[in-house]
Each structure stands twice: as structure tokens, then as C-alpha cells.
4 protein chains.
Amino acid sequence: MKAARLFEYGSPLRVVDIDPPKLLDGNSVIVRVKGAGVCHTDLHIIEGVWREKVSPSLPLTLGHENAGVVEEVGEAVSGLFKKGDPVILHPRISCGFCRACRSGEDMHCESGFRFPGLTMDGGFAELMVTSARCLIRADGLDLAEIAPLADAGLTAMRAVKKAVPLAYPGAYVAVVGVGGVGHIAIQLLKHMTNANIIAIDVHPDKLKLAEQLKADYVVDAKKDAVNQVMEITKGKGVNVAIDFVGTKETHLNCFRMLRSAGKLVFVGYGGTLEIKSIDMIAGELTVEGSLVGNYIELVDLIELAKQGKVRVIVSKYKLEEVGEVLERLKKGEIVGRAVLIP
Amino acid sequence: MKAARLFEYGSPLRVVDIDPPKLLDGNSVIVRVKGAGVCHTDLHIIEGVWREKVSPSLPLTLGHENAGVVEEVGEAVSGLFKKGDPVILHPRISCGFCRACRSGEDMHCESGFRFPGLTMDGGFAELMVTSARCLIRADGLDLAEIAPLADAGLTAMRAVKKAVPLAYPGAYVAVVGVGGVGHIAIQLLKHMTNANIIAIDVHPDKLKLAEQLKADYVVDAKKDAVNQVMEITKGKGVNVAIDFVGTKETHLNCFRMLRSAGKLVFVGYGGTLEIKSIDMIAGELTVEGSLVGNYIELVDLIELAKQGKVRVIVSKYKLEEVGEVLERLKKGEIVGRAVLIP
Amino acid sequence: MKAARLFEYGSPLRVVDIDPPKLLDGNSVIVRVKGAGVCHTDLHIIEGVWREKVSPSLPLTLGHENAGVVEEVGEAVSGLFKKGDPVILHPRISCGFCRACRSGEDMHCESGFRFPGLTMDGGFAELMVTSARCLIRADGLDLAEIAPLADAGLTAMRAVKKAVPLAYPGAYVAVVGVGGVGHIAIQLLKHMTNANIIAIDVHPDKLKLAEQLKADYVVDAKKDAVNQVMEITKGKGVNVAIDFVGTKETHLNCFRMLRSAGKLVFVGYGGTLEIKSIDMIAGELTVEGSLVGNYIELVDLIELAKQGKVRVIVSKYKLEEVGEVLERLKKGEIVGRAVLIP
Amino acid sequence: MKAARLFEYGSPLRVVDIDPPKLLDGNSVIVRVKGAGVCHTDLHIIEGVWREKVSPSLPLTLGHENAGVVEEVGEAVSGLFKKGDPVILHPRISCGFCRACRSGEDMHCESGFRFPGLTMDGGFAELMVTSARCLIRADGLDLAEIAPLADAGLTAMRAVKKAVPLAYPGAYVAVVGVGGVGHIAIQLLKHMTNANIIAIDVHPDKLKLAEQLKADYVVDAKKDAVNQVMEITKGKGVNVAIDFVGTKETHLNCFRMLRSAGKLVFVGYGGTLEIKSIDMIAGELTVEGSLVGNYIELVDLIELAKQGKVRVIVSKYKLEEVGEVLERLKKGEIVGRAVLIP
């Protein structure tokens, strides 16, 4: 089968022919990929950013944002799924037995980090193997269009859930970066809170998208974003700022636009933030990382998709176009999310 | 009456004679001070650290950690308190009408920052004025001994409450700095959680105190604290680290000893922490400031004191000894808390 | 001034001329009533149902659901409000000092039950007295139209907030009774959750209203409501049932339609429910009363009204028509809420 | 192997010889029982109380409160446990895939109710079969002495966790019934809250046990328990009442002793409670069933046992003595918990 694989850090992916995957154990499932989203994390993997955190052996098939139909089912889970079932895939394969898993927090599974597309072969291929614990039924949905919900959407969901407790009616939430994740976050904030949403970006087309998604305020970050946010919030600042970009500059801006008791949530990464403890204490601020999301959060997100409340702006590409797609993503030219159809 | 006042930043307090305070309005109360704790924040005020956050006019009577007996009561609250009532004083005068106050979060009151000992005259004096909203009955307790609960104790309470949700039975909580606040935190963690407490300090007498307070582990920070914590936690790190010291070094150590999904709480301040967003996200970590505490948290703390579960290690001094006390505090020579008896 | 007053239990209110009210203390405020909602509780008060819980001295001016403009302000709160300010009134006068008040739970204030329209003169009059703690600015809103938010709306808000933790996307919430409170609850559930809403009533016009408010399912309770709910929920039952009616029959139906781990919230009252503990345990069910709401919940509700998300169906009447309005309410003929304009 | 089995509702168990159990699937485990607690639910099962909720086919080996050592392990979970491992068994076999399981709420598993000792053969036998999902390592603990933690202890844990949010320092929690479950609840309340514990029973030896366990107040229920509780709480009533007995009388007493905003938790069952909705609303009360507990709650409980904070009062019996033990339990003559050693 065809697969788009990383052979060397820093070099483009190559589309090659490889053997199809096999079931790993009685709980595993093989899925025929119908859509695989392309994510900034793919760029980071290629750059080697994740190399120090996890150490995948190359070559590696990327693609951690997948939906498809069940192709083959392990015997222990044959009563749960069958060939042909439409499914979306939670990106992390968790054990189901550790404290984190038993508490529902799959992302913190203590039994080894297995993440197709990052630590093992992923969905930039015709077929991929995962665990039954990752599957969620996606009947009646366009699998290519929902594929980005598996990671971009789920990441938006969890970040928004971290905002919810502070986002009372009329509170202010800043969404910094209206890209693949941010544009979903705006929709979720609209349906999960009654807060004012301030969308911030530098690209005119992304700001336009934010307007279409009914962000309450749209801020062009080229003109001192913090200042504009302070004006909108009458000098108080936002209750929550979610940074979907991840540069040193956006980190600092998010921090500076917080009001007392406010929270900064990191989703985009790559930058650093230097904080003074006196500022953290005087404002009783919180700075928090957000890591994808758990299984139930993805179940809830798929339900919102079924209700028509979340729609990913998707542009579809062939597997062979992966190199070009990654290039455009790097340049910030992708509006919404690019999805490969293997 | 006598009062210990700051006349110039960077210079020692001077004990002088001033007019006694008057009621400010119908809701205010005058208290005869029976104990006023001496805190690192007093050192910071003298140094001018708080100058950019609040701008008190000098001369200023310090002392924000007070207990005493009611001397005079405003007419609007005459049904609530009467002359002679033993009381402890919440340090912040809040309005009772803003969203924060109506939600019980007095420290985030939006109606001006009035904090005796910081923005107006405090308790290093025979008499002081405050609001009825600050008073909590303290019958049957030694007022000089509980005075430090008003700020050191309350600060420990709130920091510990931030740890509680992560401090399941057998979890690990690091208490970095066993000083005036930290030694109360250890007692609260003992009574409010069933987690393992790792007390960390550089002073042998403070480590000994931690042992007496039944910390589960005692770590001498002179010998690579992070390493020792990793050994104790079998390489996983702590669920929560509370930094009661506040230097660049303790901030970084606390951050480095966190496990996945862990939380760092700042109480001590002065230093800075540089964080990479990828670390925050990969571990889904939280970094959070803790700001004194609210009225109900102080009520609960006084109840714990009545139950004999929290005892401040107190050394009592005359008001005139304030200079010497501040000197010794600076050098880290005060075990527990120093209290002035005006 | 004119006021509609209860002179004898079981007898109709009489509109009479009485002296205007005076300020009670420095924290009180006199409001010129611009709208006073008429509520089932008014019927219950006249019937004497509340007589054993509270014992108001007759004659009593009813009306606990009020909005108006400030007429006169007590000196202690003169900085907060001024003559002419448009305001809605939280129905309970709370002390601001007890544990409940300091925790934000005004309805559980421990300092005497003062509730205009129930224990002291209320809003079926040209002027009424209340406390500054009850007032919320209502700029830009039609005061007669929002008056019902003060009690009916607030009651819906709190009941819905009790549903929220169980109302995940796709969960089922039954709203039993689409009257003055229930029809607001449907709107709140729409904006505060992504659950499926099942509206249940016996009146065709109320079922039609539910449809207009976009309830997901509408059930005619004349035809075995429980059965229909079980069909809608594929035999599982609802996650939450909120009973806005309050008869023995609706109580039992609500209980019987719960799924495992479900919750029944009482808002309407008058009936009884006999429960077997084995049923409560086997399903791990919760049965919970809901009591109006707190100040912040009313602040949030007014914000939702400003956002155009909550609209009360209101029919306006003169104060003199109060008797006729109460008659029609008793017969279930009022759609939405009747409001008196004194 | 020997097993104590129910052959007919209403008749005593008979100890008979049966074939040892076999692994059911790759996830199952066979355990050699080292202790099996005897519970009021066993009496209820024999009486047929559970017959309408679940319909086990007879004969049935009872025993749902088990600890032992692993005897044989299914292939899918052979990496997790091995022969000889000391374990305690969560009583419910859950699927691990439904919403409840993925949220950590095993007791609400939607995939069929499998509960050894109730719907399939249990632990009153030399060997029993369960799922790897039920096992928790119990190294260093006396297996016969901790067996009651699997159900009685876990049930106490969950009931106490439902009390915790209302049990602030100095609040009042009533423990009604100091039997096998109640005496563990007292210990948990001591270590998980700083509330005042009021232990209530009719048996002098159980009241004595409550005193030894350091309940703050001990009330002889033969002399109007509600009245005594009202005196202790200065007329306010308790914040939480947990009914471990389950008769109509204890249900009503618990309800009547609640203060405003209070909560009644059902653990014991069999009786009924008739509630007026006006009482539920006026006091904003909660009535809630508690159903055993989830896996993580049992993990936490075992940790508390390891810390020496929870000790079950145990009397050990041979399997053959099961009939006599059940008789004595029925008469309320068992102090603490009886455990069979097969």
C-alpha cells in the first residue's frame, strides 16, 4: 500500500509502497483511512522538535488525525466493531488499566507513549493499525471532513473546556490564532459558553473567517493586539487567553492581556515565556498546557459535529500532494485544515 | 499611640507616636491589636517591591497579619460585633458588591485595593481600623499565637486548597520552604489530604521542624533537591509542588520536579521562571499563583485551629523590637513566625 | 400609593391606597416598580401554603418578581446607585455576613428570611423598599419584560445549572411544564448545554411554544409521558428531569423517566414523592430541590437577556387587574408570564 | 472445590462441592479466595429483594466482597498480573468501553450487569473468576482483613466522597448505623474531612465502637435521635446525613435532621421515604443514592489501608459457618464485619 513517510529529519516526506499493517493483539483494529489531517505537529516532527520527547525509529508514516472505516478487528473486541463501521480515531493508544486511563484521562496513560503518526506508523497511508479503545462511531458524517476533529478538533475541545469554568456570560476569551485548531475553538466557545470571543490573528483571511464564525470581536495582531484587547475589555483584560500559535511573541501577548484571576492556555508551542512570580501571585494567574484531549471529549465533539455545531473548514488533497501541503501550512497559507485522502 | 512605620523605602521602620485611628464609615471597626505577625512581604514592602503594584503614601504603618479585640464598631454593623470581641482580621478590605465579592473571592475585589499594612495603616500599632467584613470571631484562642493565621496561615490554606484536587491518597506534594507559611502548609496537607508530603529546605532547623510536623519525607535542598524528589517518587515526580521561597532557583526546581499533569503553585515570590510551551503541553502542566485567601478560607482555618490541628510556631516580640525581627527574618533565622505584641 | 394586598388567606387581593415605604437603614433602597411578575407562588401564598414555613403578618403587599428604577438610596450605598438607575431586584434580602452570603449563596442567608412579597411588602405597588445587595443594573432592557427574570428566570437559571454537569452533548433533559419558568428553562438549556431537550406539557399552546423555542422533542403528557420519553431515549431514560409543575403525578413521572445516575430537580411544588431507597441506590439517583438562585446567577441571566438569548413571553396588565390574572394563572391559561405595571 | 450456594430464595445457603471455574476470555482472571466478607446484601439476595432488579439463575455462589491471590491469568492480561499476586477485587465486572467506563464510573457500565456473588458465582468458594479490570494489588496487607474493603469499604468511601463537598471544617455529618459499612465511614470521615461526626445507632456495642473510632458525638437512637442531633447542632441540623441502615424510620430521621442546603445519602436500603417537594425546595435539600464505588475509589481506599488509616473490625469464620454468620448478621450481632476464609 502507499504511505507518506519520514526517512530523515529535516527532509520532505516520501510517498512509498509498503506492506499493509497487521493486527498487534486481540484488542487492535485495522482501519482503512478515509481522511488524514495535516497538522503543525507534522511540521514539528519533521523538524525534529519531538525527537527529545519521544524517539520514533525512522522511517515513520506520519498522520495522527484520522478517520476511516474498520477493515479488520481483533478477536477480543470483535463484538464491538465490524468491517465497514465508519469511525474516527482518538490519536493516543492507551492501556485502559493505569490510574490515568481508569480516571478517563487517556492522554496521561502511564504505559508507554503509543501515538500513531508520531511513535508508530500513522494515517498518511491506505491502512493503519490502532486499538479498539481509540475508535468512535461516526455514522452519517463525511469522514474526510471530520478527520481533523481527531486531533485539531479534540485539541480545541480540551482547551475550550479549560476556559469554560472562567467563561461566565459576558466574560472575555481571547482566541489567538484562527488556524486549523483556533477556528474550531471559536465554534466550540460559541456553543459551550456565553462569553465574548475575541479572535486575534495577523492574516486577513483568517480574521475574515473568524468574523464568519461570529467571533464577537476580531483583532488584527499586526497593530498591538494587547492594546486593542484592553480597549475592548475596558482596561480589565480577558478572563482566558488561548494561544493557538505558540511563538514567544504570542505567549507574551496572551500573558499581558490577562485580567486578575485570569488563565493562559497553551495549545500552540515552540516559544518560551518568562514569568515573574510576583505577577503570577498579584493577579493570581494560571498558565496551563493543554494536551490533545481524552476519549469522552472526542465523543462529545463528534456529537456536536452531528448536531451541525462544529464544521471544519477543510481542503482535500491526494496523498501524493503531502509535500506541497506541508509547505503551504508552514507559510500559514492553509485556511482551516488540509486533509489527505489516501 | 505607638506605631512602627515606614518613612522611606530601603530604610528601617521607626516606632513613633501617632494619633489613634478613627472609624471610616458605618461599616468600619477599630481593633486593639493583640498580635501582628511579621512577614516576608514586610521586607518586600520596605525594599519597594510592591511600589509598582500599589503606591502607598509614606509614612505607612506596616502589619497585615493581625488579631485583637474589638474597640469600636460602626453603626451599620453594631449588631454584629461589640467592644471586647476577640477577632482575627482578614487582611483585605473588600467592598461586598462586585462580582468577585459576591462570588466569595474577596482577594479579587474590584473596588480598589485596600490592604492595611500595605496600602493604609496596619497592625504594627496599638489600634488599627478595618471593615466588619474582615472580622472573624476567635473565641478561646490565644490572639498573639493565631495572628499569623490571618496572612501566613490563610496563604498556606489557599495554596493547599489548590493542591487538594490533585492530592489523592498516596500522591506526592512538595512543600518547598518550611518557614512561616510552609510549616503551616505541612499541617494543613496532613489534615486536608492523604498525600505524601515532601518537605524541602536548606536550613537544618527547618528540616527538623518538618520532621516534627510529620512530613513523610524531608529533603535537604543543598544536595540536588530535584534528584532526591525523583528518587522518592520513583522517577515520576510530584503531583504538586508549592514554592514558599520564591527565588529563581526554587521556581525552576519546583517546575523540574513535576510529573505529568502536575501543578506548580507560587506563594513565595521575587524570582522568575522561564518556561517552554512544549514542556507545558507535553506534560499538560499548570503553573499558578496563589494570593492570600478568601474570607471563608480563613473561617475554615480558624476552625482547624480550634480543633487543635494547626498550630503556628510563634516567637513573641515587643513592637520596639521590630527592626531586629526584620533583620533576622531576612537572614532566614526565624523558625515559624515572629509576632509583635503592641 | 396604590398596592395590591392580601388581607385574609383564601381571599382575593385588594388594591388599596397605602403610605409609600421608607428606607429601613443605610443600605436600603426604594425602587419605583416598573414591572412585577405574577407567579404560582403568589397563588400558594394566598392559599396559605407558605404559612407554616414563614409567617407574614397581614395585610401584605404581594409581588416578589420586580424591576424598576431607583427612587431613593440609603447613605451607605449612595456611591453604588442613584435615582433613575434601571434595576432588576434579586428577590431575597440577604445579610452579606453569614457563611452562606460570604460563599455567594444568598438564598441560604442565615440572618432571617426577608423576601419582599412574602415576608414583607413587595412589588404589587408603585414603590417598594429593598436592599442595595439585591440590585442589578438593567440598562437598555425593557423593565416590564425582564421583571419575570427576577424570580421565574432566576429559578429557571438555577435549576438549569443543576442540570448542566449531567447534560453533556447529546444527553437528554426533560422539562416538565412549559409555563412561566419552564419556557425560560428551555431557552437556557439551549444556550448553556448541547443536550437534547424534551419539553412535556398537557396544554397544546404550551407545547407549541416549546416547539417555537426549539425544544428537540415535544411530548403531550396526556398520553403517558414516561412511555414517550422512554421511546425517545431508546429505553434509557433522561439524564435529568426538571419538574416545573409540582404535582404528585409529575413528581412520579419525572422519577420514573430517569436513567441510571440521573437527577430529578424539583422547582414546582405542592405534591409528594414516595421513593424506595433500593431504587435510589440501584440507579444511584439524585433528587434535589432548587430554590430560586443567587445574585451572580441573576447577573449572568441579565447578561443573557442583554445578548438576546433569553426572552420572557410576557403579557402586561394593570395593577387593578391582579385578581383576574391570578384566576387565569390558576387555570393554566397564562402563556409565558403575566406582569403587572403599577 | 467447596462453595456456599443459594439453591432457593428464602432458604439457607448450602456448602457443596462443585467444579472449579474456568477463564471466560482473554481478559479474565481466576483468584484463590483468601477472604470473602458477609454483607447485608447477601441477606437481601437470599430474601429475593434483588430478584426484580437482576435475575440470577440458581444455584448461585454468593460472596461479592473478596480478596485473594491470582491463580490463573487470561492471555490478553498476562503482562499485568501473574500467579501469586495478592489482590483485592472490585465487585463489578465492567466493559471498559462504554461512556460510563471511559469516564471512570464502572458501577454504571452499560454493558450488562456482571457482579460475582449476585449475577454470577462469587467468592464464598475456594476459587472464583473475575476480570483483570477488577484487580488491585494489595501487597503487604492481610487479605482476609481487607476483603471487606472490596464492598463495605468501597461503599463507605463513595458515600463519604458524596459528603466531602459539604463537610467543611466544623460542619456536621451524621453516620446512621455503625455496622460493617458505617464503622469504616467514620474512619474515612476522620481522614478525609475536618467535620464533626455524629455516630448514631441503637446497639450499645456499636456506639462504643464509634467512640473508639473517635466519632465527635455518639447518639443512642433509642432516645429520639433527631432531637439529640438538633441539640448538638444548636438547632440547625446536619450538613449531611448518611443512612447505613435503610429502614423507613432511619430514612425519615435522616431527612428530618438535615439543615438548609443539606444532603441525605442512602447506603442502606429496604425502606421508603415520602418527601414533600415544598420541603425539598424550601431547604434546597438533596437526597441521593450511593452505589458501591468505582475502581479508583477502591485504589484510594487500599492506599488508606496501607497508610494504616482504615482498619476493618473483622471476625473470621470458616466457609462452613456461613449459615450461622448470616443469622447473627440478621440479628445485628456482628460488630464490624464477618469474613469467610474458604
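Bear in mind that the values in this text are calculations on the coordinates, not laboratory data. Not measured: the values here are computed from a predicted model. Virtual Cβ from ideal backbone geometry, glycine too; neighbours counted across all protein chains shown.
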Measure nothing but the geometry: give the 0 to 90° angle between the long axis through the Cα atoms of D:295-306 and the longest principal axis through the Cα atoms of chain D, rounded to 10°. 80 degrees
Taking Cα pairs under 8 Å and at least six residues apart, what relative contact order does chain A come out at, in percent? 19 percent
With a point put 7 Å past each Cα toward its Cβ, work out how far A:L43 is from A:K316 in nm, to one decimal. 2.5 nm
Kindly give the semi-axes, whole Å and largest first, of the ellipsoid equivalent to chain C, taking each as the square root of 5 times a Cα gyration tensor eigenvalue. 34, 21, 19
Classify the protein assembly as shown as rounded, prolate or oblate, taking a ≥ b ≥ c as the square roots of the eigenvalues of its Cα gyration tensor: rounded when a/c is under 1.5, otherwise prolate if a/b is larger than b/c and oblate if not. rounded
Treating only Lys and Arg (+1) and Asp and Glu (-1) as charged, each at its beta carbon, one finds that the range B:154-289 has a dipole about its Cα centre, in Debye to the nearest 20, of 240 debye
Expressed in nanometres to one decimal, the distance between label points 7 Å along Cα→Cβ at D:E249 and B:V54 is 5.9 nm
Got a sec to turn the phi values of the range C:132-145 into Karplus ³J(HN,Hα) couplings, 6.51 cos²θ - 1.76 cosθ + 1.60 with θ = phi - 60°, whole Hz, x for Gly and Pro? 4, 4, 8, 8, 10, 4, 10, 4, x, 10, 6, 5, 5, 6
FRET efficiency (D:K309, B:R137; Cβ distance; R0 30 Å; to 0.05) is 0.40
Starting from 0.36 nm per residue, how many nanometres of slack lie between D:E110 and D:L24 once their C-alpha separation is accounted for? 29.0 nm
With +1 on each Lys and Arg Cβ and -1 on each Asp and Glu Cβ, how big is the dipole of the range B:69-220 about its Cα centre, in debye rounded to the nearest 20? 580 debye
Please compute the contact order of the range C:154-289 in relative form: average sequence separation of alpha-carbon pairs under 8 Å and at least six residues apart, divided by the residue count, as a percent. 22 percent
Among C:G323, C:F97, C:G26 - extreme Cα towards positive end, dipole of chain C, charges at beta-carbon: C:F97
Ordering of D:279-285, C:45-51 by burial proxy (mean other Cβ atoms within 10 Å per residue, highest first): D:279-285, C:45-51
Could you work out, residue by residue across D:265-274, how many beta carbons of other chains sit within 10 Å of that residue's beta carbon, and then give the average as an integer? 5
Put the label 7 Å from Cα along Cα→Cβ for D:D205; what are its distances to the other copies, in nanometres, shortest first? 5.4, 6.9, 8.2
Shielding of A:131-137 by partner chains, average beta-carbon count, 10 Å: 1
The protein assembly as shown: calculated mean residue ellipticity at 222 nm from DSSP helix runs of at least 4, using -39500 (n - 2.57): -7500 deg cm²/dmol
P(r) tail for the range C:154-289, what percent of Cα pairs lie past 22 Å? 25 percent
Starting with the highest mean, order D:306-319, B:142-155, A:233-246 by the number of other Cβ atoms within 10 Å, averaged over the residues of each peptide. B:142-155, A:233-246, D:306-319
Name the residues of the range C:175-214 whose amide N is less than 16 Å from a point 7 angstrom out from the Cα of C:E231 along the C-beta direction? C:198-201
Neighbouring partner chain Cβ atoms per residue of B:300-307, average, 10 Å criterion: 3
Integer Hz, Karplus 6.51/-1.76/1.60 couplings in order for the range C:47-62, x for Gly and Pro: 5, x, 4, 7, 4, 7, 7, 10, 10, x, 8, 8, x, 9, 7, 7
Classify the range A:39-114 as rounded, prolate or oblate, taking a ≥ b ≥ c as the square roots of the eigenvalues of its Cα gyration tensor: rounded when a/c is under 1.5, otherwise prolate if a/b is larger than b/c and oblate if not. oblate
For C:S111, which sequence-distant residues (separation of 5 or more, or a different chain) have an amide H within less than 5 Å of its own amide H, given hydrogens modelled in the peptide plane? C:C95
Segments C:185-192, A:97-104 sorted - mean Cβ within 10 Å per residue, highest first: C:185-192, A:97-104
For the range C:154-289, with +1 on Lys and Arg beta carbons and -1 on Asp and Glu, the positive-most of C:V175, C:H191, C:T272 along the dipole: C:H191
